[in-house]
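Colleague: Following this message is one structure expressed as structure tokens.
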Amino acid sequence: MTTRGCRMVTQTTSDGAASSASIGQLVASIKDDLTTLVRDEIELAKAEMKEDAREAALGGGLLAFAAFLGVVAFILGSFALVYGVHALGLALGWSFLVVAGAYVLTALVLALLAKGRFGRMSRASRTKTTARDAARALTGSTDRT
């Protein structure tokens, strides 16, 4: 059998018989197999992501409900604290003011602590430096401006 432009390749099948296929046919077969493999992997990834999304939605809902209950508990605890201060002999209005003042003071302390933490951030200075050095190396520039 004579074919122009295609070499014949002898391939052994699983039952031991020899079959002839051109390189083009083998490449087409490999392409089809890879296409099928990629398509199957994409379908598997979609299925896994759908399951993960369902779990994330359920977890997010539970977390939101827990946060709601936490806020309700905080409010009820605040009222209990106010009435506890009132039981110590302070007028009810002043008790509310004392508890609110304690919350404001706590909020200020936490805000100052957060500001200190943000002030320590590096702002990716090392990344900027290495990126600048890499750009200089690629362009051949030697000035350090």
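Since every read-out is calculated from the coordinates, none of them should be taken as a lab result. Since we're looking at a predicted model, the values are computed, not measured. As a convention, Cβ positions derive from the backbone with ideal geometry for all residues, glycine included, and neighbour counts pool all protein chains shown.
Colleague: How big is the gap, in Å, between the Cα center of region 117-139 and the Cα center of region 27-49?
Modeller: Rounded to whole Å, the Cα centres lie 40 Å apart.
Colleague: Please turn the phi angles of region 78-85 into ³J(HN,Hα) values with the Karplus equation 6.51 cos²θ - 1.76 cosθ + 1.60 (θ = phi - 60°), one per residue in order, whole Hz, x for glycine and proline.
Modeller: Computed from phi, the couplings for region 78-85 are 5, 5, 5, 5, 4, 5, x, 5 Hz.
Colleague: Please list, in chain and number order, the residues 5+ apart from SER22 or on another chain whose amide H is under 5 Å from its amide H, with Hs placed from the backbone.
Modeller: VAL9
Colleague: Okay, next question. Suppose R0 equals 30 Å. What FRET efficiency, 1/(1 + (r/R0)^6) with r the Cβ-Cβ distance, do LEU97 and PHE68 give to the nearest 0.05?
Modeller: 0.65
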